[in-house]
Amino acid sequence: MAARDPEATKARIFEAAVAEFARHGIAGARIDRIAAEAKANKQLIYAYYGNKGELFASVLEKKMLDLAISVPVDPDDVEGWIDRLLDYHAAHPELLRLLFWEGMEYGTAELPHEAERQAHYARKVAAVRDAQERGVVTTAIPAPDLLFLLVAMANWAVVVPQMKRILVDDADRLRDSIKKAARRVVEG
């Protein structure tokens, strides 16, 4: 009989949950499918993560933390940051899918762990505000709005790939256009 490895089981559950939620959203995801894919007992999922909503919140929180660590906001090098953000999302499209599903299912209602999410974004806004105070980035647009606009430009092609396919015949040109637009936005 194989030895039990709770951390390996949690990791398999997590990865299966990422795939399931990215594919089906919160409402459409099924704990049965996550358990089958993870080769884990359903009761373990509930024991480790709580209900389906809490599992989704944990998955999204960890994925957002990975992005924050991998691609910190860098207003001193907006074009480089946009490049890194585009590369990250190309390699990890599931994060934007998870955020899209969250938006579809929660709308403007309060999110689970919203205070933590606000703190997460406050750190990013602080980096933009610092760059504004140092004169690196325009003050014509408030820091939270500026961050939102930059992220939206970088993320939209991954969120709606069908529009990108229909509208854009050259992905490299689009990348360059996004970087130019980002530079112009931060320059004011």
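The values are calculated or read from the model by the stated rules, or taken from the named source; none is laboratory data. In this text, all values refer to a predicted model and were calculated from it rather than measured experimentally. Backbone-built Cβ (ideal geometry, glycine too); neighbour counts: all protein chains shown. The protein model used for the area step is the full one, side chains on, heavy atoms only, and it has no ligands, DNA or RNA in it. Shrake-Rupley method; radii C 1.70, N 1.55, O 1.52, S 1.80 Å.
Descriptive notes on the structure:
- Within the range 136-188, the residues that satisfy the criterion of being of a type in the set (A, V, I, L, M, F, W, C) and part of a loop (DSSP other than H, G, I, E, B) are Val136, Val137, Ala140, Ile141, Val160, Val168.
- Within the range 11-27, one or more residues are surrounded by 13 or more Cβ atoms within 10 Å (Cβ to Cβ), β-branched (Val, Ile, Thr) and in contact (Cβ under 8 Å) with a residue 60 or more places away in the chain.
- Per the listing Ala140, Ala154, the residue uniquely at negative phi and within 12 Å of the chain's Cα centre (by Cα) is Ala154.
- Looking only at residues of the range 58-76 that are of a type outside the set (Val, Ile, Thr) and touching an Asp or Glu at 6+ places or on another chain (Cβ under 9 Å), we find that the one that is nearest to Ala143 (Cα to Cα) is Pro75.
- Which numbered condition Leu147 misses (of (1) in contact with a Phe, Trp or Tyr (Cβ under 8 Å, 6 or more places away or on another chain); (2) open to solvent by 40 Å² or more (accessible area, probe 1.4 Å)): (2)
- Filtered residues of the range 28-44 (kept if surrounded by fewer than 18 Cβ atoms within 10 Å (Cβ to Cβ) and under 20 Å from the mean Cα position of the chain (by Cα)): Gly28
- Out of Ala47, Ala68, Ala115, sole residue that is open to solvent by less than 40 Å² (accessible area, probe 1.4 Å) and either touching a residue at least 40 places away in the same chain (Cβ under 8 Å) or not basic (Lys, Arg) (or both): Ala68
- Number of the condition not met by Asn155 [criteria: (1) surrounded by 13 or more Cβ atoms within 10 Å (Cβ to Cβ); (2) without any contact (Cβ under 8 Å) to a residue 60 or more places away in the chain; (3) closer than 18 Å to Val73 by Cβ]: (2)
- Residue in the range 30-46 that is outside any helix (DSSP H, G or I), polar (S, T, N, Q) and farther than 15 Å from Glu94 by Cβ present: yes
- When the range 145-163 is filtered for residues that are under 19 Å from Asp87 (Cβ atoms) and either touching a Leu at 6+ places or on another chain (Cβ under 7 Å) or acidic (Asp, Glu) (or both), the ones remaining, listed by number, are Ala154, Asn155, Ala157, Val158, Val159.
- Qualifying residues in the range 79-112 (those that are among the hydroxyl-bearing types (Ser, Thr, Tyr) and over 24 Å from Ala182 (Cβ atoms)) - the one surrounded by the most Cβ atoms within 10 Å (Cβ to Cβ): Tyr106
- Residue within the range 85-102 that is within 16 Å of the chain's Cα centre (by Cα) and not in a helix (DSSP H, G or I) present: yes
- Those residues of the range 118-135 which are open to solvent by less than 60 Å² (accessible area, probe 1.4 Å) and either modelled with pLDDT under 95 or in a loop (DSSP other than H, G, I, E, B) (or both), in sequence order: Ala119, His120
- The set of residues in the range 47-75 being outside any loop (DSSP other than H, G, I, E, B) and of a type in the set (A, V, I, L, M) consists of Ala47, Leu55, Ala57, Val59, Leu60, Met64, Leu65, Leu67, Ala68, Ile69.
- Ala140 farther than 21 Å from His89 by Cβ and open to solvent by 70 Å² or more (accessible area, probe 1.4 Å): yes
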